[in-house]
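Below is one structure, written out as structure tokens; comments come after it.
The values are calculated or read from the model by the stated rules, or taken from the named source; none is laboratory data. Here the structure is a predicted model, which is why all the values come from computation and not from measurement. So basically every Cβ, Gly included, is an ideal-geometry build from the backbone, and we count neighbours across all protein chains shown.
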Amino acid sequence: MRTVRFRVTGPNDPVQALLKRISAIDEIDRVEEVADTGSHLREDSTSLDLPDDIGQTDFHDIEVHALRDDVAREVKREVERATRDLGLVAEFVDEW
């Protein structure tokens, strides 16, 4: 089994649409939003209540378990397509 991990930035509704699109791929064992392992707040003191500072977007840590390598590659391609279509930003990571 292959695990694809990625972090998505954006509002909750488009992120849920992304998860639905990924779940529709054949031979996916599991798609889940994992617990947040750390704070994503800015650590500097220059906050000016910009949209990023007041919570209009959020980070979502997603883990997908694919049954085969080719399915994991398809997951990555679908994440790239879906984030472009839905106006999200994704970053693939090897570990949290």
Would you call Ile25 part of a loop (DSSP other than H, G, I, E, B), within 28 Å of Met1 (Cα to Cα) and modelled with pLDDT of 95 or more?
yes
I'm trying to understand the selection: among the residues of the stretch 68-96, which are out of contact with any helix residue (DSSP H, G or I) (no Cβ under 8 Å at 6 or more places or on another chain) and either assigned to a helix (DSSP H, G or I) or buried (at least 16 other Cβ atoms within 10 Å of the Cβ) (or both)?
Asp69, Asp70, Val71, Ala72, Arg73, Glu74, Lys76, Arg77, Glu80, Arg81, Arg84, Asp85
